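The values are calculated or read from the model by the stated rules, or taken from the named source; none is laboratory data. These numbers come from a predicted model, not from an experiment. Reconstructed Cβ throughout: ideal geometry from the backbone, glycine too, with neighbour counts over all protein chains shown. For accessibility, only protein heavy atoms count, side chains too; no ligands or nucleic acids. Shrake-Rupley method; radii C 1.70, N 1.55, O 1.52, S 1.80 Å.
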Amino acid sequence: MWKLSYISEADFYNHVKSTIKKYGDKLASYDLKRFNKNTIDPIKLIFDKTVYRYTWKQIVDNEIFRQRDKSNNNDIGYFHQRIFSYIKNCIVPDNGWDVIYQNSDGIELPDKSLVHTVYVEMKNKHNTMNSASAGKTFIKMQNQLLNDDDCACFLVETIAQQSQNIKWETTVDKKKVGHKLIRRVSIDRFYALVTGQDDAFYQMCMTLPSVIKKAVDELQESIVPNDTVFDEIKNLSSEQNIDSEDMAIAMAIYMLGFGTYSGFNKQEII
């Protein structure tokens, strides 16, 4: 039985599948050329491999994961934002605000203020905005309040310091500023507000793993990468005139970053 009352099973499944597809070329297979596109740091790999007691394959796989993961936050941001396009009274504009929530019956804030529209900027983590970015966002919200006296503006954080819906206070031009209609809201409280269900975000989280698995199983052939990096490194190591396999692989790793350096260009270790 489908447990999410505020979004249909088909809509949720299609949204999850669309998010997976957004991973795009990050799901493409890695070969050695792509792996070393921005030149890896061989010294760091050697330290990490030894300190964390990884195998060479594990450390290479970890580096591939790190490279893929660097840009995945944008795709997860897509998931958190676009899901509201399926939820009643929510709009996800193409630009401007991330989400706009409207309710003709009124939207009650913690201090009992009543508005009919909430404009939302979404952030992944509470600490991802520097002071300049925070100031710019706050001014944007102030301007919205000047143009619409029947609204509130929310900074919705996926990973907030705690569950909250509080007055947002920040610094603009070295002055502390705040307004009761400009608020910092954790995503669970925002889900509760727009759905009328206190544990709506929790229920979504509990449903998500099985839906992701179903979508991945359907998309499997198109998204499963065939990474060849370690095999290519092993081939390079076999060309080294070094008896120790471990040291031969280390040399192959060194050559990725230091191949033109003195000593390495002769394939020697000093």
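Annotation note: of Lys123, Lys112, the sole residue that is free of Cβ contacts under 8 Å to residues at least 24 places away in the same chain, basic (Lys, Arg) and not in a helix (DSSP H, G or I) is Lys112.
When the criteria are applied in full, Leu181 fails the requirement of being out of contact with any Phe, Trp or Tyr (no Cβ under 8 Å at 6 or more places or on another chain), among the hydrophobic types (A, V, I, L, M, F, W, C) and over 24 Å from Asp105 (Cβ atoms). Of the helices (runs of 4 or more DSSP H) lying entirely inside region 20-72, those containing at least 3 residues that are open to solvent by 40 Å² or more (accessible area, probe 1.4 Å) span 42-51, 56-69. The set of residues in region 220-252 that are touching a helix residue (DSSP H, G or I) at 6+ places or on another chain (Cβ under 6 Å) and in a helix (DSSP H, G or I) comprises Ile223, Val229, Phe230, Glu232, Ile233, Leu236, Ser237, Ala248, Ile249, Ala252.
Between Ile100, Ile76, the distinction of being in a helix (DSSP H, G or I), within 22 Å of the chain's Cα centre (by Cα) and hydrophobic (A, V, I, L, M, F, W, C) belongs to Ile76 only.
Go through the residues of region 241-250 one by one and say whether even a single one is in contact (Cβ under 8 Å) with a residue 24 or more places away in the chain, exposed (fewer than 14 other Cβ atoms within 10 Å of the Cβ) and under 30 Å from Ile87 (Cα atoms). Among the residues of region 241-250, not one is in contact (Cβ under 8 Å) with a residue 24 or more places away in the chain, exposed (fewer than 14 other Cβ atoms within 10 Å of the Cβ) and under 30 Å from Ile87 (Cα atoms), which makes the answer no. Filtering region 185-208 down to residues that are of a type outside the set (S, T, N, Q) and over 16 Å from His80 (Cβ atoms), which residue is most open to solvent (accessible area, probe 1.4 Å)? It comes out as Asp198. Residues in region 157-173 that are exposed (fewer than 14 other Cβ atoms within 10 Å of the Cβ) and of a type in the set (Ser, Thr, Tyr): Ser163, Thr171. Scanning region 169-191 for residues that are under 23 Å from the mean Cα position of the chain (by Cα), among the aliphatic types (A, V, I, L, M) and within 13 Å of Val118 (Cβ to Cβ) yields a count of 1.
Annotation note: of Lys180, Lys176, the sole residue that is open to solvent by 40 Å² or more (accessible area, probe 1.4 Å) and touching a Lys or Arg at 6+ places or on another chain (Cβ under 7 Å) is Lys180. Quick check: anything in region 219-236 aromatic (Phe, Trp, Tyr), surrounded by 14 or more Cβ atoms within 10 Å (Cβ to Cβ) and touching a residue at least 12 places away in the same chain (Cβ under 8 Å)? The answer is yes; a qualifying residue exists. Determine, yes or no, whether Tyr261 is among the aromatic types (Phe, Trp, Tyr) and in a helix (DSSP H, G or I). So Tyr261 fails the test.
Hey, could you check region 1-19 for residues that are under 23 Å from Asn89 (Cα atoms) and of a type in the set (A, V, I, L, M) and say which is most open to solvent (accessible area, probe 1.4 Å)? This residue is Ala10.
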